[in-house]
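Colleague: Below are the structure tokens for one structure; questions will follow.
The values are calculated or read from the model by the stated rules, or taken from the named source; none is laboratory data. In this text, all values refer to a predicted model and were calculated from it rather than measured experimentally. So basically every Cβ, Gly included, is an ideal-geometry build from the backbone, and we count neighbours across all protein chains shown.
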Amino acid sequence: MTKEKLQGFAIISALLALIGVIFIMFSVEFGTSQADSWLASRGGADTAYYHLIVKSYINNFLVSGSILLGFGLVSTVFFYFKMVNFER
């Protein structure tokens, strides 16, 4: 693997980690927005059911963001050490 490919993979990994952080930080806004569009498509729902949908959408964004952040950080560290060892 060339150094340029390693740098490209490191950049992609860092972007995945950044997307994960964004998903985690804005999970409430994203989840509420998704739940509002769900409610509009249905035409209405019970309040308790709506709150359940909001919470599930928020949790979906939290889990997705955590997975992306974890994968991005682990792969960024891996590619960083590969690049350091590549120069030797």
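Colleague: List the pairs whose first member sits in the range 59-88 and is on the phi > 0 side of the Ramachandran plot, whose second member is assigned to a helix (DSSP H, G or I), and whose Cβ atoms are under 7 Å apart, counting only residues at least 6 apart or on separate chains?
Modeller: Cβ pairs passing all conditions: none.
Colleague: Return the residue satisfying two criteria in turn: it lies in the range 73-82 and is surrounded by 15 or more Cβ atoms within 10 Å (Cβ to Cβ), under 14 Å from Q7 (Cα atoms) and under 18 Å from the mean Cα position of the chain (by Cα), and of such residues it is modelled with the highest pLDDT.
Modeller: Within the range 73-82, the match that is modelled with the highest pLDDT is S75.
Colleague: State which residue is farthest from M25 (Cα to Cα) when the search covers only the range 39-54 and only residues that are out of contact with any Phe, Trp or Tyr (no Cβ under 8 Å at 6 or more places or on another chain) and touching a residue at least 12 places away in the same chain (Cβ under 8 Å).
Modeller: Per the stated criteria, the residue is Y50.
Colleague: Among the residues of the range 37-55, which ones are of a type outside the set (F, W, Y) and in a helix (DSSP H, G or I)? It would help to see each step written out before you state the result.
Modeller: First, the residues of the range 37-55 that are of a type outside the set (F, W, Y): 37, 39-48, 51-55.
Across the range 37-55, the qualifying residues are S37, L39, A40, S41, R42, T47, A48, H51, L52, I53, V54, K55.
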